[in-house]
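In what follows, a structure is listed as structure tokens, so that the remarks can point back to it.
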Amino acid sequence: MLLGGAPLAEATGVLVLVHGRGGSAQDMLALARELDRPQLACFVPEAAGRTWYPYSFLEKPEKNQSHLNSALRLLTTILGKIEAAKVPFQRVALIGFSQGACLALEFAARNARRYGAIVGLSGALVGPEGTPRDYPGSFDGTPVFLGSGDVDPHVPKRRVDETAAVFDRLGANVTKRIYPGLGHAINADEITFVRGKTSSNPPDRSGRTTTSSRAWSPADTSKRIDEPKACAKASNLSEGLPKSTFTFS
């Protein structure tokens, strides 16, 4: 696992970034740099063989179960380390791309609580259609962002729609954006939205709400990616990010 950003003891919050199939922790650190939140600590795990589970997230659960369980345990361990450092979950954002998005979303759904944010880029909940989604708990208004392309060859739109409905039912504040003409990729609009999606007044390390906007406010950022004038004009964000961040093999 790679660490980046601010030291945990000094950070105002934490990003947990999960790479996709064939990607790497370095890819997600590059994404973190594009988000430009130097006051946040980054925990970036890397899967053995660069894959969290061997088959598509649409396959029957038993085909991926042992690998999926291992990956979920790893995220549990990471969140435990963050909790041990007395960082409230309200200051923790889970961010995943592709297979990493599926993993982060599945972990969050199985561990519903108030997080700082949950971001699924080109991903959805794990399992074939008809998988029971009787997750317990509540997200208590956690902001959730789901971004995907309408021509993504790996993530059907209906699965993103289903995921949005599940998180909405569990009490999340869901934003879903389906980008016309976008394949399996991240675009500048998503980066801009995610950069500004964390709470401007999160609780401090004791759990009390802070009145300062310095902790999470997007106004803290200095390097920005211009937001497209329309989502329909979305294009792949490639400059400054390794190509493998956006591939799915």
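A few comments on the model shown:
The rows are residues; the columns are (1) open to solvent by 10 Å² or more (accessible area, probe 1.4 Å); (2) outside any loop (DSSP other than H, G, I, E, B); (3) closer than 23 Å to Leu3 by Cα.
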{"position": "Ser70", "(1), (2), (3)": "yes, yes, yes"}
{"position": "Arg73", "(1), (2), (3)": "yes, yes, yes"}
{"position": "Leu79", "(1), (2), (3)": "no, yes, yes"}
{"position": "Ala101", "(1), (2), (3)": "no, yes, yes"}
{"position": "Ala109", "(1), (2), (3)": "no, yes, no"}
{"position": "Phe145", "(1), (2), (3)": "no, yes, no"}
{"position": "Asp161", "(1), (2), (3)": "yes, yes, no"}
{"position": "Phe167", "(1), (2), (3)": "no, yes, no"}
{"position": "Val174", "(1), (2), (3)": "yes, yes, no"}
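- Residues in segment 147-159 that are assigned to a helix (DSSP H, G or I) and crowded, with 20+ Cβ neighbours inside 10 Å: Arg159 only.
- The sole residue among Arg50, Arg21 that is over 16 Å from Ala93 (Cβ atoms), in contact with a Gly (Cβ under 7 Å, 6 or more places away or on another chain) and open to solvent by 10 Å² or more (accessible area, probe 1.4 Å) is Arg50.
Results for (1) of a type in the set (A, V, I, L, M, F, W, C); (2) over 16 Å from Glu162 (Cα atoms); (3) modelled with pLDDT of 95 or more, shown as yes or no for each residue.
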{"residue": "Val92", "(1), (2), (3)": "yes, yes, yes"}
{"residue": "Ala101", "(1), (2), (3)": "yes, no, yes"}
{"residue": "Glu106", "(1), (2), (3)": "no, no, yes"}
{"residue": "Ala109", "(1), (2), (3)": "yes, no, yes"}
{"residue": "Ala112", "(1), (2), (3)": "yes, yes, yes"}
{"residue": "Ala117", "(1), (2), (3)": "yes, yes, yes"}
{"residue": "Ser122", "(1), (2), (3)": "no, no, yes"}
{"residue": "Pro128", "(1), (2), (3)": "no, no, no"}
{"residue": "Ser138", "(1), (2), (3)": "no, yes, yes"}
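- From the list Glu190, Glu227, Glu162, the one residue that fits, being closer than 27 Å to Arg33 by Cβ and modelled with pLDDT of 95 or more, is Glu190.
- Scanning segment 179-190 for residues that are open to solvent by 10 Å² or more (accessible area, probe 1.4 Å), under 16 Å from the mean Cα position of the chain (by Cα) and free of Cβ contacts under 8 Å to residues at least 60 places away in the same chain gives a single hit, Ala188.
- In segment 134-156, the residues that are farther than 12 Å from Gly171 by Cα form Cβ pairs under 7 Å with partners that are at pLDDT below 95 and not β-branched (Val, Ile, Thr), at six or more places apart or across chains, as follows: Phe145/Phe193; Phe145/Lys197; His154/Phe248.
- All of (1) more than 22 Å from His184 (Cβ to Cβ); (2) part of a loop (DSSP other than H, G, I, E, B) hold for Arg21 with one exception: (1).
- Every residue from segment 81-99 that is part of a loop (DSSP other than H, G, I, E, B) and not polar (S, T, N, Q): Ala85, Lys86, Val87, Pro88
- Whichever residue in segment 53-109 is of a type in the set (S, T, N, Q) and in contact (Cβ under 8 Å) with a residue 60 or more places away in the chain and, among such residues, is nearest to Asp152 (Cα to Cα): Ser98
- Of all residues in segment 25-45, those that are open to solvent by less than 10 Å² (accessible area, probe 1.4 Å) and part of a loop (DSSP other than H, G, I, E, B) total 1.
- Test: residue in segment 106-116 that is within 20 Å of Leu8 (Cα to Cα) and among the small types (Gly, Ala, Ser): yes
The values are calculated or read from the model by the stated rules, or taken from the named source; none is laboratory data. Owing to the predicted nature of the structure, the values given are computational and were not obtained by experimental measurement. No Cβ is skipped: glycine too gets one built from the backbone with ideal geometry, and neighbour counts run over all protein chains shown. All accessible areas refer to the heavy atoms of the entire protein, side chains included, with ligands and DNA or RNA removed. Shrake-Rupley method; radii C 1.70, N 1.55, O 1.52, S 1.80 Å.
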